[in-house]
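Just below is one structure, and these are the notes that go with it.
Read the figures in this text as sums done on the coordinates, not as results from a lab. Remember, predicted model here, so these are calculated numbers, not experimental data. Here the Cβ positions follow ideal geometry from the backbone for every residue, glycine too, while neighbour counts run over all protein chains shown.
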Amino acid sequence: MPSLGKLRRSSTATGLVTIGWVLLQTLMPLPPALADADPEELTYGQFLEKIDQGQVEQVDLDEDRGVAYVRLEGDSEEDAPHQVVLFAGERNPELIRRLRNNQVDVEIRDSAGNGALTWLATNSLLALILVFGLLMLLRRSASGAGNAMSFGKSKARFQMEAKTGVVFDDVAGIEEAKEELQEVVSFLKSPEKFTAIGARIPKGVLLIGQPGTGKTLLAKAIAGEASVPFFSISGSEFVEMFVGVGASRVRDLFRKAKESAPCIVFIDEIDAVGRQRGAGIGGGNDEREQTLNQLLTEMDGFEGNSGIIVIAATNRVDVLDLALLRPGRFDRQVIVDLPTYKGRLSILEVHARNKKIEPDVSLEAVARRTPGFSGAELANLLNEAAILTARRRKEAMGMPEIEDAIDRITIGLSLTPLLDSSRKRMTAYHEVGHALLTTLLTHSDELNKVTIIPRSGGIEGFTQSLPNEDIIDSGLYTRNWIVDRITVALGGFAAEAEVFGDDETSTGASGDIQQVTNLARQMVTLYGMSDLGPVALESMDNQVFLGRNLMPRSEVSEEMASKIDDQVRTIALTCLSRARQILRDNRPLMDHLVDLLLERETIDGEEFRQIVGEYTEIPEKFLVKAGK
Ligand code: ADP
Ligand code: ZN
């Protein structure tokens, strides 16, 4: 796969070739018009005389160089023409009239002759390419060669919106954050009320939350509610090639802001400049530190009551320089969480306002289907669904479009189904394995659907369950829930092994196995859910930094590490044999479901449960849902 790095390297190569080419060009002989012309010169006076005497046969006027090439009567075609240097200012209209009056053949060139013209054209083209190439090269290292070239004197690249047009009503699902910020609006509207009683107005507010939770929207809404201008810039814009550019941008930004106070200054991704100084990987970054210092200076510089409120956004408050969080700076911190069910519902309602939606669409159901979605993802979801609706030439968006949009966002684009093949059969067993266990286990989530329609990204099918809202919102998972989840995740692998034999299991289960390993490891090292007892063998902090890579072995002894591995293996193997046992006990049912899935390609959860119910007992919680 062509990586970005590769593409970039090849563009550098093009740049170098261009430079070489231009150098060669400039070594070429001079342009023909300059080199070949070796004419007898005429003075301007003589030239006028000859015109009046009617001895001039033909004139080439080169306006740019202020020269006329003159052919007199009796000059042979091969001879170079006479050159006449024209006086600046004297030329043209007057001279041309005079030539016309004497019926002289006049040609006007607007540059240095034909040979010279092409020469110039090629070279200016090359020069352009060169300049362009250089700009691209600069741009790669500094985001913004234009500013870098003028060493920070040029305009800062911040945006200014006189009216954002956003109000609090457009922001949904983050009520607590909104409430806290209401006060900022009141201050911007009538600062006297606050200053009269001696209240200190906050200068800076830090919005903390994951991308897409509506931090920018919230800041815009504050400006909109208070009807003040909105200045914005992103922290990543400050990270420049030349030291001093960022600091000068900060200065510019605040100068402009002071002129328009009261106003909001919004700094997105403040962690890009606001990381702890001197603590960066690979040594300090002078540029970033200077920018940060300038920002602190500016914030200290204006009085609390000057009417500027700085709002910054980040999702990494843990890496911010403590100086930023001191009183008088960003001392007010507001957390903007991912929305809960209620929040998602109201965000969906906001974004459904301007869309045509069929009356039977239940936004409640959509909100239930989308735990973990941010506000931006929900907005995107409805937009995708609207696009699908238009593509299907429907009048209004229906539940099928929304369902498809959810799958598209969470799983990938759907592709055309595979033709019948042993591969497809194997996929069907794999997915039915997951789906059957989901339906039969007591602590698993409710099955939403199982499908073998492939998706982009190499996904050949998937089994989808509806997350249990109570569990997600509380963030508390029981041991039973985790064990059932591991068992379901192993269902695909177990079905392959049961039906096709251990030798025929496929690599299609690698994602499942990764998930199983992560869950089992967390049970052992974080939640005390193994024979090793309730001992934290890994700190939560570690996880934040390592993200999905949960293998921090350095903190435990080697002996303990191998005990952890043993426990993880035990959990996985126990769950696998449980999964295989259940599938073995229900083999005829599994075969029947696979045939049906091969025929229909998708089975929804309701029907799946109904079929399973005809063969065997299913947990009561699902029976209620199935309406029995
Ligand atoms: P952030 O700044 O936190 O990354 P944005 O404010 O840029 O997120 O959100 C992007 C878009 O997502 C918004 O323009 C809006 O359409 C939508 N959105 C995000 N959060 C919300 C919300 N709480 N209410 C309504 N729309 C939201
Ligand atoms: Zn699977």
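Brief remarks follow.
- Karplus (6.51, -1.76, 1.60) ³J(HN,Hα), θ = phi - 60°, over the range 593-602, in Hz, Gly and Pro reported as x: 5, 5, 4, 5, 5, 4, 6, 9, 6, 9
- Descending Cα extents along the principal axes, the range 157-336, whole Å: 46, 32, 28
- Compared with the direct C-alpha span, the chain from V535 to E599 gains 18.0 nm at full extension, assuming 0.36 nm per residue.
- Distant-in-sequence amide contacts of K449, defined by a placed amide H-H separation under 5 Å and a gap of 5 or more residues or a different chain, comprise Q464, G605.
- Neighbourhood net charge (14 Å Cβ-Cβ; Lys/Arg +1, Asp/Glu -1) for P588: -3
- A simple count of charges around Y615, restricted to other residues whose Cβ falls under 12 Å of its Cβ and scoring Lys, Arg +1 and Asp, Glu -1, yields -2.
- Residue order, fewest to most beta carbons within 10 Å, for M426, M160: M160, M426
- Applying D = kT/(6 pi eta Rh) to the range 298-409, where Rh is the Kirkwood radius over alpha-carbon pairs, T corresponds to 37 °C and eta to 0.692 mPa s, the Stokes-Einstein value obtained is 195 µm²/s.
- Modelled this way, with points 7 Å down the Cα-to-C-beta line, the labels at S190 and D286 are 5.2 nm from one another.
- Peptides ranked, highest mean first, by Cβ atoms within 10 Å: ranges 489-495, 256-262: 489-495, 256-262
- FRET efficiency, N380 to E349 (Cβ-Cβ, R0 25 Å, nearest 0.05): 0.95
- Remark: the range 394-404, residue by residue, has Karplus-estimated 3J(HN,Hα) of 9, 6, 9, 6, x, 4, x, 5, 5, 4, 5 Hz, where x stands for each Gly or Pro and the curve is 6.51 cos²θ - 1.76 cosθ + 1.60 at θ = phi - 60°.
- Amide hydrogen neighbours beyond the local backbone of V67, cut-off 5 Å, H modeled: D62, L86
- Gain in span if fully extended, A390 to S510, counting 0.36 nm per residue against the direct Cα distance: 39.5 nm
- Distant-in-sequence amide contacts of I311, defined by a placed amide H-H separation under 5 Å and a gap of 5 or more residues or a different chain, comprise V205, V265, F266, I267.
- Taking θ as phi - 60° and the Karplus parameters 6.51, -1.76 and 1.60, the scalar couplings of the range 259-274 work out to 5, 9, 4, x, 7, 10, 10, 10, 10, 7, 6, 5, 4, 4, 10, x Hz in sequence order, x denoting glycine and proline.
- Pairs of alpha carbons in the range 422-625 whose separation is greater than 27 Å (percent): 33 percent
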